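Data block below; observations after.
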Amino acid sequence: GLFLFFLALLATGFGMVVVWTSAPQEVTVPAQLAGMRQADAVEFAKKVGLVPQVKDDFSERVPEGVVIRTDPKGGVEVRGGKPVLLYVSRGPQPIKVPELIGKKLEAATKELEAAGLVLGKTDEEWSEVIPKGQIMAQLPMPGDNARKQATVKLTLSK
């Protein structure tokens, strides 16, 4: 019976060692990942035992290609081998330029402001089709992408 007792002790001891050594260790998500360039952050996350996954996000403040934030946040403990999301800046979110042709200047100005765009230079030209005082042309064109606070040039009908 003593032999079986030692065999059982050895087996449970061995089983505990296997379980103990194969359990992934806790890893703290490095706070400095936010603010690093994408390639550096991916490399750093791998070194500390995390699995980096990149997600694109827009940012007005964080330059393109730099990590904005992580999920889980920096300083949080996770199991090694777990994924950590790196939200990488793609720069400011583009704004779709509204359709302003056929509108009066006042309405167009309000629409530009609401979209986060700025009224640029305005010209006047003759038009056979567009009534006087209405917008007959715009640059950038309707539906184009523009950055926040970009100027839109308008041409009014004489």
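The values are calculated or read from the model by the stated rules, or taken from the named source; none is laboratory data. Keep in mind the model is a prediction, meaning the values are calculated, not measured. Every residue, glycine among them, receives a Cβ derived from its backbone with ideal geometry; neighbour counts consider all protein chains shown. Areas reflect the complete protein model, heavy atoms only, side chains present, ligands, DNA and RNA absent. Shrake-Rupley method; radii C 1.70, N 1.55, O 1.52, S 1.80 Å.
Looking only at region 126-145, filter to residues that are among the polar types (S, T, N, Q) and under 30 Å from Arg61 (Cβ atoms); which one of those is most open to solvent (accessible area, probe 1.4 Å)? Going through the qualifying residues, I end up with Asn145.
Within region 108-125, the residues that satisfy the criterion of being part of a helix (DSSP H, G or I), surrounded by 13 or more Cβ atoms within 10 Å (Cβ to Cβ) and of a type in the set (Gly, Ala, Ser) are Ala108, Ala115. Does Lys46 qualify as being of a type in the set (Lys, Arg) and under 24 Å from Val27 (Cβ atoms)? Yes; evaluated as a whole, the condition is true for this residue.
A quick yes/no check of all residues on (1) surrounded by 13 or more Cβ atoms within 10 Å (Cβ to Cβ); (2) closer than 19 Å to Gly91 by Cα:
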position	(1), (2)
Thr28	yes, no
Ala34	yes, yes
Ala39	no, yes
Gly49	yes, no
Asp56	no, yes
Ser59	yes, yes
Thr70	yes, yes
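Taking region 105-142 as the range and being touching a Pro at 6+ places or on another chain (Cβ under 9 Å) and closer than 19 Å to Gln93 by Cα as the test, the residues that pass are Glu111, Leu112, Ala114, Ala115, Leu117, Pro142.
Taking the criterion of being at positive phi and within 14 Å of the chain's Cα centre (by Cα), would at least one residue in region 43-61 satisfy it? No, region 43-61 contains no residue that is at positive phi and within 14 Å of the chain's Cα centre (by Cα). When we screen Lys148, Lys121, Lys110 for residues that are within 33 Å of the chain's Cα centre (by Cα), closer than 21 Å to Glu60 by Cα and of a type in the set (Lys, Arg), the only hit is Lys148.
For the criterion of being farther than 30 Å from Gly35 by Cα, in contact with a Gly (Cβ under 7 Å, 6 or more places away or on another chain) and either open to solvent by less than 70 Å² (accessible area, probe 1.4 Å) or touching a residue at least 40 places away in the same chain (Cβ under 8 Å) (or both), Ile101 fails. Which members of region 85-121 meet the condition of being touching a helix residue (DSSP H, G or I) at 6+ places or on another chain (Cβ under 7 Å), hydrophobic (A, V, I, L, M, F, W, C) and more than 30 Å from Gly74 (Cβ to Cβ)? Once the filter is applied, which keeps residues that are touching a helix residue (DSSP H, G or I) at 6+ places or on another chain (Cβ under 7 Å), hydrophobic (A, V, I, L, M, F, W, C) and more than 30 Å from Gly74 (Cβ to Cβ), region 85-121 yields Ile95, Leu100, Val118, Leu119. Residues that are among the small types (Gly, Ala, Ser) and in contact with a helix residue (DSSP H, G or I) (Cβ under 9 Å, 6 or more places away or on another chain) were ranked within region 30-63; the one that is farthest from Ala150 (Cα to Cα) is Ala45.
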